[in-house]
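What follows is one structure encoded as structure tokens, with my remarks underneath.
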Amino acid sequence: MAYNDQNIFAKILRGDIPCDKVYENDYALAFRDIAPQTPVHVLVIPKGPYVSYVEFSEQASDAELAGFMRAVGAVAAELGIAEAGSRILSNQGEDGNQEVPHFHLHMLAGKNLGRMIKPIDE
């Protein structure tokens with residue numbers, strides 16, 4: 001899938017749409033989800049035009065990769081969720097129910113999130 005620079009995250013990165021920013025560095029932007037699923041629900045997006053984590057991992061520079069992961073750690077520290085725990089989720093493609101075609105991580109925290117999925121044999 002080719003990157004579409006009209007997706008909502010591209011518009012947020014350009015400043016066309018506002019966001020509730022939590023953190024920003026040269027390579028990533030983190031902001032609160034507008035429809036939070038947990039008490040803490042933050043999206044972390046790279047500033048580069050990547051559709052999926054596969055594309056990001058294959059094509060991003062070492063600086064982009066490191067800057068993005070450092071942003072994730074900084075957000076956890078900033079929000080005080082590192083000690084109690086959190087879940088990081090990324091949806092990719094149709095089967096993963098990816099809604100926005102710009103790679104992003106959901107950082108979910110603020111309560112016990114239970115099991116992520118049930119084993120196949122349950």
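The values are calculated or read from the model by the stated rules, or taken from the named source; none is laboratory data. Every value quoted in this text rests on a predicted model; they were computed, and no experiment measured them. Cβ: placed from backbone, ideal geometry, glycine included. Neighbour counts: every protein chain shown.
Of the candidates Leu79, Leu29, Leu65, the single residue that is within 22 Å of Gly93 (Cβ to Cβ), surrounded by 14 or more Cβ atoms within 10 Å (Cβ to Cβ) and either in contact (Cβ under 8 Å) with a residue 40 or more places away in the chain or of a type outside the set (Asp, Glu) (or both) is Leu65. Restricting Val22, Val51, Val40 to those that are crowded, with 19+ Cβ neighbours inside 10 Å and in contact (Cβ under 8 Å) with a residue 60 or more places away in the chain reduces the list to Val40.
Does Ile88 satisfy the criteria of being of a type in the set (A, V, I, L, M) and without any contact (Cβ under 8 Å) to a residue 24 or more places away in the chain? The answer is yes for Ile88. Residues in segment 91-110 that are modelled with pLDDT of 95 or more and not hydrophobic (A, V, I, L, M, F, W, C): His102, His104, His106, Gly110.
Condition first: closer than 19 Å to Ala2 by Cα, touching a residue at least 60 places away in the same chain (Cβ under 8 Å) and not basic (Lys, Arg). Can you find one or more residues in segment 104-111 that meet it? Looking for residues that are closer than 19 Å to Ala2 by Cα, touching a residue at least 60 places away in the same chain (Cβ under 8 Å) and not basic (Lys, Arg), one finds at least one in segment 104-111, hence yes.
With modelled with pLDDT of 95 or more, among the β-branched types (Val, Ile, Thr) and surrounded by fewer than 17 Cβ atoms within 10 Å (Cβ to Cβ) as the only criterion, which of Ile45, Ile8, Ile12 stands out?
Just a single option satisfies the conditions, and that option is Ile8.
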